[in-house]
Structures are given as C-alpha cells and as structure tokens.
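Asker: Starting off with a structure, shown below.
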Amino acid sequence: MLRRTAIAAASILAAGVLALSACSGGGGEPAPTTGEPDLDATATIRLVLEPGNLDIRQTAGSALDQILVDNVYQGLVGRTPEQEIVPVLAEDWTVSPDGLTYTFTLREGVTFHDGQELTPQDVVWSLTTRKNTPEWRDSARLANVTAITADGQDIVLTLAEPDSSLLWNLTGRAGIVLKEGDTVDYNTAANGTGPFRLDQWRQGDSITLVRNDDYWGDPAQVAEVVFDYIPDNQAALNAALAGEIDVLTGFDANLKEQVEAGGDFALELGESTDKGTLAFNQTSGPLADQRVRQAIRQAIDHDAFVEALGAGETQYGPIPSLDPGYEDLADVAPYDPDAARALLEEAGAEDLELTLTIPNFYPTTIPQILVSNLNDVGITLEVESVDFSTWLNDVYINQDYDLSFVLHTEARDFENWANPDYYFTYDNPEVQDLYAQSLAATDEAEAAELLAEAARIVSEDAAADWLYNGASVVAVGTNITGMPSINVNERLNLAELAKSNG
C-alpha cells in the first residue's frame with residue numbers, strides 16, 4: 001500500500017457546487033477599494049459544506065483544511081495558493097545532498113492560542129505522534145521518517161530513503177504542530193499558532209474565527225471572519241445581494257451577471273486542483289475491459305461540461321495543471337462517438353447498461369450530460385443519486401459500483417493511482433514502480449518527469465475519465481482585498497484578508 005489510502009472525504013465534498021477551472025482569470029477583477037482597511041471589521045464568507053467536527057487530527061476532509069489549516073493551525077512549512085512551499089513555524093530549512101536529512105530552524109517567540117510557548121519538543125512530539133498513530137490523518141506520509149529530534153531550535157528529520165514528497169506533505173495535516181499534553185476538546189475547539197483563533201461554532205450555521213492579537217507574524221487585517229454555510233447557490237446569492245455576505249466561494253459562474261449587477265461584487269475565476277473524476281469499477285464485468293472504458297471516455301464531450309457550467313478547462317489525465325507532472329493528454333481520449341461505438345462492438349459490449357452512483361449534493365448537469373453522451377453510443381446509464389454517507393459506504397468502502405462521480409480537490413494526490421486498494425480499483429505495477437521512483441528522486445524535475453510518465457499510462461489504460469479541471473469560482477465584494485482566488489476549495493489562507501468601508 002503506497003502512501004495514503006483514505007479519501008479526503010470533504011476533499012470531494014468541499015466543492016459540492018461543481019466549480020470549474022479557469023486557467024486564466026476570465027472573471028472581472030474587483031474594483032479597487034477607496035478606503036483604508038477597517039481593523040475592527042467582520043468579513044463574512046459563504047462556504048458550501050460544513051465539517052462534522054473540528055478534529056484536525058483524525059477527521060478527513062477539505063472542509064476542515066479549508067478553514068483551519070493556515071488560519072488556526074500551522075506547520076514548519078506551508079504552501080501558497082500557487083503551490084509554492086514557504087517557511088512558517090520554521091524560519092528556514094536545509095536538505096542534505098543525499099536527501100536523507102531535513103533540518104528546520106524553529107522560530108522563537110511563538111505562542112499557542114492558549115498563551116503557552118511553542119517549544120522544539122512540541123514539534124518533535126507532534127510529528128512523532130502523527131507518524132506513530134495510524135488513526136491520525138496522513139500518518140503514513142511520515143512512514144519514511146526514521147528519526148525526529150531537536151537540537152536547540154533545530155528540528156532534524158532523518159529519512160530511510162529520499163522522499164521528494166516530504167516537504168509537500170509537511171505543508172498539510174502531516175506537518176501540523178500541536179501542543180504536547182494539550183487537553184483541548186478537538187471535536188469542538190482548537191489550540192493552534194495561526195493568525196486567527198477559533199471563537200464559536202454554531203453547528204448547522206456558521207464558524208467564527210477572531211484575530212489572534214498575540215500572533216508571531218503580521219496581525220490579521222480583520223477582527224473576525226465568519227464562515228457562513230449556505231449550500232444553495234441561489235440562497236447564497238440572495239444573502240450577498242442583501243449585504244449579509246462579503247465573499248461567495250464555491251459559486252456558480254453562470255450567476256456572474258446577477259452577482260455583479262449592483263457593482264458590489266466581482267466574479268473571480270482561479271486555477272485549482274479540483275478534478276471532476278468519473279471512476280470505473282474495473283474489478284469485473286464489462287468495465288474490466290480497457291476497450292469499454294476507452295469507449296466511454298471517447299463518448300464523452302468534455303467541452304460540454306465547461307460550456308454548461310460557465311468556466312473551466314478540460315482534463316484528460318489524473319494530474320491537473322497546477323501539479324508537478326502535468327501533461328496535456330487530450331490525444332489519449334479525444335471526443336469521437338464513432339470510435340466509441342467501434343470499440344464497444346469490438347468488445348462485444350453493445351447495448352450496455354451501467355449505473356452511475358453520484359452524491360446528491362452535485363447539480364444534475366453532470367449526470368444529464370453523461371446520460372446523453374453515453375446514450376448516443378448505445379450505453380444506457382441509470383443514475384443513482386445518494387447521500388454522501390451512502391456513497392462512502394457503497395462506493396468508497398465496499399467498492400460496490402459501476403461508475404461514480406466525485407470532485408477530488410486535493411493537490412498532488414497521484415498516489416491514489418498507485419494504490420490498488422483505493423476505491424478506483426486500478427492496479428498497474430508499472431505505475432506503482434514509476435510513482436515509487438518519483439518519490440525517491442532527489443531532483444524535482446526528474447520526479448515530475450516520472451509522474452508524467454506514470455500519468456500517461458494511467459490515462460492510456462482508461463483507468464477513469466476526468467471530466468474537467470475545476471476552478472475556484474469566487475464572488476468578492478469590492479470592499480474586500482487579500483481574498484485568495486486559487487485553489488480555495490482545498491485551502492483558504494486569510495492572513496491578508498482586509499475589508500474597508502470605502
């Protein structure tokens with residue numbers, strides 16, 4: 001089993017409104033604000049999906065990462081929306097030439113939200129406990145680390161073999177630093193080192209963060225941030241137009257004219273690592289035949305998804321353009337219904353009947369296009385819309401499905417294609433070997449080339465279809481600055497968010 005086997009449950013949940021990707025701006029830029037930032041302001045941000053609890057240690061899902069990582073919890077290193085790795089609790093770091101030793105210099109003067117000092121031992125304890133506790137999310141990401149020690153302010157990680165993904169892993173759950181011996185109830189409370197403190201969670205409604213006035217870095221520019229959970233786009237639009245919301249994330253690009261009509265909002269389209277993934281159960285039956293899977297891919301008009309949902313770019317492989325190893329693989333499965341019919345005939349799979357299992361929080365546009373496209377080549381597609389708990393049990397856990405659609409938002413998650421136990425049911429030893437080689441590479445370019453080679457094989461095997469590369473669709477108030485617009489369904493760093501009265 002390679003790396004992560006568990007799905008980041010709300011990494012598929014976090015963009016339940018099918019935000020599509022625009023590789024360039026494509027949306028209007030907010031008008032410049034004329035007033036100075038109001039340091040006493042409250043900024044209210046619409047989000048789509050509320051977490052079930054706040055335990056960042058054990059609970060899967062981008063619904064938690066989106067609001068808590070960067071804002072409340074931090075690690076030695078972090079990532080920018082553009083996916084650059086940057087120092088956070090570490091002032092800097094070095095890597096030995098053989099790739100086996102990482103040395104991080106811990107900042108001094110950092111305190112947790114409860115006022116306790118951050119110590120090197122807290123870092124050692126956090127990373128060691130993460131590594132040794134399988135129940136903690138991303139524990140396996142530290143499996144290659146053989147020793148975690150402190151020497152003064154230096155934190156030293158020793159590896160059994162090079163791991164090109166280690167720094168990236170430390171920007172996420174695997175690298176979060178907690179207070180050793182903390183007694184906080186992680187299900188409902190938090191104690192981090194970030195620029196905001198958790199203030200209130202009104203379950204079923206909102207989560208409020210307040211500025212951490214003792215923050216080690218530049219203080220937040222707003223007094224508080226309220227995450228208002230409004231699943232329905234029209235209800236969110238109404239709240240924005242009524243002056244109740246300052247920012248709408250997970251928005252529908254087709255509502256651009258309505259939200260911009262009054263001049264108080266502008267729609268921004270940013271890149272993302274969201275992958276609209278149509279999974280094929282390849283364990284048995286017709287979908288075990290690569291020709292049938294390829295036929296389905298070539299029966300699907302990928303441009304139709306982009307056109308119907310108002311923004312986006314097509315995607316034909318498992319790696320989106322923001323991630324290392326990306327290659328345009330449109331040549332592997334071009335839209336060609338005639339070729340699809342020929343492949344189905346060759347495979348003896350005419351008049352095929354399949355079921356699509358899809359969580360019910362997605363709009364009907366996706367299944368409608370799929371039903372129409374597949375019907376054109378003689379495939380009857382029955383749509384089974386289920387609640388997410390049912391999807392988790394039937395599809396993710398029991399792998400009881402024909403086709404399934406979810407939006408995978410997590411960055412750099414190619415590892416799932418190298419894991420035969422993952423719900424994708426894809427098992428290719430060559431891909432697994434190439435992925436292992438990419439991890440062991442000490443040169444970033446070499447690692448990316450190996451990933452690209454593996455990704456082409458995955459696409460040529462028709463291991464799945466990737467209907468689109470989703471975007472961050474964000475409607476931003478014209479009195480708001482510093483709002484991220486890239487990959488906001490996965491992470492939402494609000495350290496520079498400001499609101500003016502101008």
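We did not get these values from a lab; they are worked out from the coordinates using the rules stated. Here the structure is a predicted model, which means the values were calculated and not measured. Because the Cβ atoms are built from the backbone with ideal geometry, glycine has one as well, and the counts that use them run over all protein chains shown.
Asker: Hey, what do the phi angles of region 108-119 turn into as Karplus ³J(HN,Hα) couplings, whole Hz, using 6.51/-1.76/1.60 and θ = phi - 60°, x for Gly and Pro?
Answerer: Rounded to whole hertz, the list is 9, x, 8, 10, 6, 5, 8, x, 6, 6, 7, 10.
Asker: Full-extension gain between Gln116 and Thr103, please, as 0.36 nm times their residue separation minus the C-alpha to C-alpha distance.
Answerer: Details: separation 13, 0.36 × 13 = 4.68 nm, distance 2.41 nm.
Stretched fully, the Gln116-Thr103 segment lengthens by 2.3 nm.
Asker: Under 1.5 on a/c is rounded, so check that first for region 391-434, then, if it is not, pick prolate when a/b is larger than b/c and oblate when it is not; a ≥ b ≥ c are the square roots of the alpha carbon gyration tensor eigenvalues.
Answerer: Because a/c hits 1.5 or more and a/b fails to exceed b/c, region 391-434 counts as oblate.
Asker: Specify whether the C-alpha gyration tensor of the chain places it in the rounded, prolate or oblate class, a ≥ b ≥ c being the square roots of the eigenvalues: rounded for a/c under 1.5, otherwise prolate if a/b is larger than b/c and oblate if not.
Answerer: oblate
Asker: Can you give the helix-only mean residue ellipticity at 222 nm for the chain, where every DSSP H stretch with n ≥ 4 adds -39500 (n - 2.57) and the sum goes over all residues, rounded to the nearest 500 deg cm²/dmol?
Answerer: Estimated from H runs of four or more residues: -6500 deg cm²/dmol.
Asker: Separate question: With charges set only on the Cβ (+1 for Lys and Arg, -1 for Asp and Glu), what does the dipole of region 271-471 come to about its Cα centre, in debye to the nearest 20?
Answerer: 340
Asker: In addition: So between Asn132 and Asn398, what do we pick up on full extension, going 0.36 nm a residue minus the alpha carbon distance?
Answerer: Gain on extension, Asn132 to Asn398, equals 93.1 nm.
Asker: Sticking with this structure for a sec: Residues in region 264-301, backbone N under 11 Å from the label point at Asp351 (7 Å along the Cα-to-beta-carbon vector): list them, ranges by number please.
Answerer: Answer for this model: none.
Asker: To continue, here is another question. Can you list residues from other chains, or at least 5 along the same chain, whose modelled amide H is less than 5 Å from the amide H of Glu384?
Answerer: Leu356, Thr357, Ile358
Asker: Have a look at Val406, Ser472, Leu248 and report the one farthest towards the positive end of the charge dipole of the chain, computed about the Cα centre with Cβ charges (Lys/Arg +1, Asp/Glu -1).
Answerer: The residue sitting farthest along the positive end of the dipole is Leu248.
Asker: Extension gain Thr80-Ile457, at 0.36 nm per residue separation less the Cα-Cα distance, in nm?
Answerer: Extra length available between Thr80 and Ile457 comes to 132.7 nm.
Asker: With label points built 7 Å along Cα→Cβ from the Cα atoms of Thr380 and Thr283, find their separation and express it in nm.
Answerer: 2.5
Asker: Between Ala308 and Asp182, how many nm apart are label points set 7 Å from Cα along the C-beta direction?
Answerer: With each label placed 7 Å out from Cα toward Cβ, I get 4.3 nm.
Asker: Hey, another quick one. Please tell me the relative contact order of region 83-155 in percent, rounded to the nearest whole number, where contacts are Cα pairs under 8 Å and at least six residues apart. Walk me through the intermediate numbers first.
Answerer: Working: 74 pairs, mean separation 19.6, N = 73.
Contact order relative to length: 27 percent.
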